[in-house]
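What follows is a single structure, written as structure tokens, with notes after it.
The values are calculated or read from the model by the stated rules, or taken from the named source; none is laboratory data. The structure displayed is predicted, hence computed values, not measured ones. Because the Cβ atoms are built from the backbone with ideal geometry, glycine has one as well, and the counts that use them run over all protein chains shown. For the accessible areas, the whole protein counts, side chains as well, though only heavy atoms, and no ligand, DNA or RNA atoms are used. Shrake-Rupley method; radii C 1.70, N 1.55, O 1.52, S 1.80 Å.
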Amino acid sequence: TGYITIDSGYKNTGATKSAITFLDGEEGILRYRGYAIEDLAEKANFLGVAYLLINGELPNKTQYEKFENDIRRHTLVNEDMRRIFDGFPVNAHPMGVMSAMISAMSGFYPDSYNDKAPDHTDTHIIRLLAKFPTLATWCFKKSNGHPINYPKNSLDYCSNFLHMMFSLPVEEYAVDPVVSSALNKLLILHADHEQNCSTSTVRLVGSSKANLYSSISAGISALWGPLHGGANQEVIEMLEDIKADGGDVMKFVNKAKDKNSGFRLMGFGHRVYKNFDPRAKIIKKAADDILGKLGVNDPVLEIAKGLEEAALHDDYFVSRKLYPNVDFYSGIIYRALGIPTNMFTVMFALGRLPGWIAQWKEMRANKEPIGRPRQIYTGATLRPFVSLEDR
Ligand code: CMC
């Protein structure tokens, strides 16, 4: 009861208390469970970070091995899921496919939505972490017209993903440690980001007691949007456009300043960071490092740096505190690893999966009530019904 205040886009509305991720947008600080993102990106392993987010503590050696082995045991996907997958057209966007496939998983594990069944949430969590990479690589293989690869469980998580992506029946992919460590770093940087759009979606859907698979599927759909995770695909497309247009970055900076153009600098700006996005800082440095190690010379990296430089010296961007975000340089690295543009947002989803799971679990553990925002009605007042003949 009482007044309803509208906060469009929830710019100032806290939806929950959370002990998972600390973010200070003014200072550019990001920590998972108290650990600095810089430390984790440099020293940790993605599955260890997943464990940390989901369980609250870094695993010890025994806990880590059990977690990794549990995931290994679940990497296969039910062959009947293939029949659903095969029905998609070859050019279906992998994010739409992934959202549908993860939602379909509930059908294969009905205890996920049966309140009377014993609680197997921990197994569902393991299944999601294990099967997501397998499913993601199906999308890539289908787009190439190549047969899918079954997981190879002797490999670690990132290497197994790379094997399923790039091995061919005629030639096994030899995992390049530079590539798998770059992937590990990117996944860690994406692993959680408190109450962003997709995570809030996962919590909101889960608050109705919808099962974990459906909640994560909704998160994937939310992430797909170009203002959120979909921006990483749009950044590369924008950089390619700039290149094709002759490389004049100022032209695009000016276009982004023109509100009538409908164009924004993709990979720029953030709801919470009003200082540099700490993830972007790490990724920018990593891009130089990884492309150098791989001997890749991608002209869009120079265009990206030029664009950043131009924007950061422009009053429009400075006064609005618009800096490069996590999506600005990540695509350049994904591309150097051989991952195609339409898979970039799937890579983001793979990284974000532990965060979504941890937040869903926390929301349930805290017994949060169903999420149900209010509104201020602006429609017609009461009016009499007019029958069809009289309209
Ligand atoms: N290019 C040009 N102008 C911009 C941009 C941009 N990328 N971002 C914000 N602005 C302007 C905006 O027009 C507004 O100007 P004014 O005050 O004159 O009306 C001001 O800056 C504030 O922007 P906002 O849209 O009110 O801010 P928001 O917090 O609602 O939106 C955002 C945040 C990330 C959606 C937005 O900055 C944006 O659209 N960026 C481009 C898309 C992008 O890179 N998204 C990835 C976000 S980070 C990773 C993730 O979440 O997936």
Whole-percent carbon and sulfur contribution to the accessible surface of region 161-295 (1.4 Å, no ligands, DNA or RNA) stands at 53
For region 40-83, the percent of all C-alpha pairs falling in each 5 Å bin, from 0 up to the bin holding the max distance, is 5, 20, 25, 18, 11, 9, 8, 4, 0
Of the convex hull drawn through the C-alpha atoms of region 79-235, the volume per residue in Å³ is 135
In whole Å, largest first, the alpha carbons of region 248-391 cover along the principal axes 72, 45, 33
Among 324, 292, 247, the residue whose Cα sits farthest towards the positive end of the charge dipole of region 245-330 (+1 at Cβ of Lys and Arg, -1 at Cβ of Asp and Glu, taken about the Cα centre) is 324
Descending accessible area (1.4 Å probe), largest on the left, turns 33, 383, 352 into 383, 33, 352
Farthest towards the positive end of the dipole of the chain, among 147, 78, 375 and with Cβ unit charges of +1 on Lys and Arg and -1 on Asp and Glu, lies the Cα of 375
Under 5 Å from the placed amide H of residue 270, counting only residues 5+ away or on other chains, we find 323
Projected onto their principal axes, the Cα atoms of the chain stretch, largest extent first, over whole-Å spans of 73, 60, 51
The size of the Cβ-based charge dipole (Lys, Arg +1; Asp, Glu -1) of the chain about the Cα centre, to the nearest 20 debye, is 920
From most to least accessible, 1.4 Å probe, no ligand or DNA/RNA atoms counted, 391, 320, 72 line up as 391, 320, 72
With +1 on the Cβ of every Lys and Arg and -1 on the Cβ of every Asp and Glu, the dipole magnitude of region 237-375 about its Cα centre, in debye rounded to the nearest 20, is 940
For region 239-316, the dipole about the Cα centre with charges only on Cβ (Lys and Arg +1, Asp and Glu -1), to the nearest 20 debye, works out at 420
Under a Gaussian network model of the chain whose springs join Cα atoms within less than 10 Å, the largest fluctuation of 319, 221, 180 belongs to 319
If one builds a Gaussian network model of the chain from Cα atoms under 10 Å apart, the most fluctuating residue listed among 267, 87, 229 is 87
Under a 1.4 Å probe, counting only protein heavy atoms, residue 350 has an accessible area in Å², nearest 10, of 0
accessible surface per residue for region 172-237, probe 1.4 Å, DNA/RNA/ligands not counted, whole Å² -> 32
For the table 209/285; 251/274; 259/281; 131/367; 257/281, the rows whose alpha-carbon distance is greater than 30 Å are 209/285
